[in-house]
Amino acid sequence: MRHYLLLALLLPLLAAGYSLAADPSEPSPASAENTQNKIQQAAFATQPKKLDPSANATPSELTIRKALKKSVTLKAEKKPLADVLRTLSRDFGINVFLDTRGLNEVGLTPETPITIEVEGIQLKSVLNLMLLPLDLAYTVKDEVLVITSDTRAQGKRTARTYPVADLVVPIPMAGPVPAGEKLPILSASAVNFDSLIEIIESSVQPRSWERIGGTGSIRTFDPTLSLVIRQSSEGHQAVEELLTQLRRQQDFQVAVETHFLENIPEDFWEQIGLDLDLDKQKTARQQPQNNGPLGGIILTDKEVALLLNEAQNNARTNLIQAPRVTLFNAQTAGLTDYLAGGKQHPLKHSLYLQPVISADRRDVRLNLRVSDREASDAVTWSYVNLVPDGQTILIELAQQQPHQTGVPAAEQESKVFKNKSVDQTRSFLLIRPQILVAEEEEAPFPDAQK
């Protein structure tokens, strides 16, 4: 009995010693399994979840999505749209709903004839080929394949605000206002939203706007000169692209440099190698009357430099440089004064000009109106010239000065003793337009925008 009692006391001690002698770093199978599960769960939790468009789809919607990826062979010759869709519904075992309100938006009916012949392509491609030319689209919604208008298929419409002050406020005339014309005053009526709204509605999803039964809308907010547009996400993207393109057109400006040359002697032109009479006959931009003033000739940079140099060194010639003006495309400006000695002086000829940039940005059409401010009678010349970008055009301003000679006599004898002659002094206008593009001008100064 005593031996059995001693053995019973030693067995627990031997078991504990065996346990202590074992490798403490070696986990038990159960412990290792639990640890591995925890590691896998932690790794799975750190992985980003992939968005699955079918995650919340019903079994019927999953069936439709699978059917859209299946191949189909379809042949229809002027078959009603409803019949074609009914055939596809039967062949693939899916429900197809034809939205008549969506058809009405694009001016179609279920009887619209469809002609299509395809073989071995996916159902979704067949639907695109058949529906896109009709401004229709498909979407999976409410456990059916819905055929509706493209705008309705795009989903919910949201409202966004677009500041458009730079597109709706007209560009005013620059410089002094000509005599007899009223000073332009900016008023609410001068702001033109209508043209911009018409462009947007006719260019961006034309059939989606409420004026023809759609759900898209445009409202003006005058206090901030903004448009509040309600459209789909794709519609908003198209609106932003359109406004960007319109604003890009306003990036074009024209810098105009002008010089007036007066009291030019006849031998002046020989010194710089110009024959104005010959150039007058050759130019295609001359005035209708062949005996009128020179309508305009294009000079090279070398000829311009010689002309200005000779004019500065000639004691009889007056060379006046008008202010350099920078205008938006098609903006009108008036030049009536010039700066000399820190003071404003009136120009002998007032100039009103309008530069219009050509579509290829290579030429500038100059619409000019020149008036002689010292003439007793209103004398005005109008010119329309096409000038290459950065080049200079020379235009003659004809001016006649009457001179009376003879011995003073009584009025009744004036025809015998009085002689009148008319001398013509030649005055010219030098104009150099240069096209400026905002993006190109800002390129050399990248840090200015930071």
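Read-outs: derived from the displayed coordinates by stated rules, not from any lab. What you are looking at is a predicted structure, and each value in this text was computed from that prediction instead of being measured. Reconstructed Cβ throughout: ideal geometry from the backbone, glycine too, with neighbour counts over all protein chains shown.
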Spin-label model distance (nm) - LYS302 vs GLU270, 7 Å beyond Cα toward Cβ:
2.1
What is the calculated FRET efficiency for ARG365 to GLU198, with r their C-beta to C-beta distance and R₀ = 22 Å, to the nearest 0.05?
0.25
In bins 10 Å wide, starting from 0, what share of all Cα pairs of segment 59-153 does each bin hold, as a percent?
17, 55, 28, 1
Most exposed first by the Cβ proxy, i.e. fewest other Cβ within 10 Å, how do SER149, SER125 rank?
SER125, SER149
Which value in nm describes the separation of the simple spin-label points at LEU108 and THR215, placed 7 Å from the Cα toward the beta carbon?
1.8
Additional length obtainable on full extension of the chain from GLU241 to VAL169, 0.36 nm per residue less Cα span:
23.9 nm
Cα centroid separation - segment 70-114 against segment 242-268, whole Å
59
Only loop residues by DSSP count here, and only those with at most 10 other Cβ atoms within 10 Å; note down the trypsin sites (Lys or Arg not before Pro) in segment 68-110 that meet that.
LYS69
Cα-based Lys proximity count in segment 59-153, under 25 Å, for pairs eight or more positions apart or on separate chains
14
Based on other C-beta atoms within 10 Å, arrange ILE94, ILE212 from fewest to most.
ILE212, ILE94
TYR338 versus LYS66: modelled label distance in nm, points set 7 Å from Cα along the beta carbon direction:
8.7
To the nearest 0.05, the calculated FRET efficiency linking ARG86 and VAL228 through their beta-carbon distance, R0 being 35 Å, is 0.25
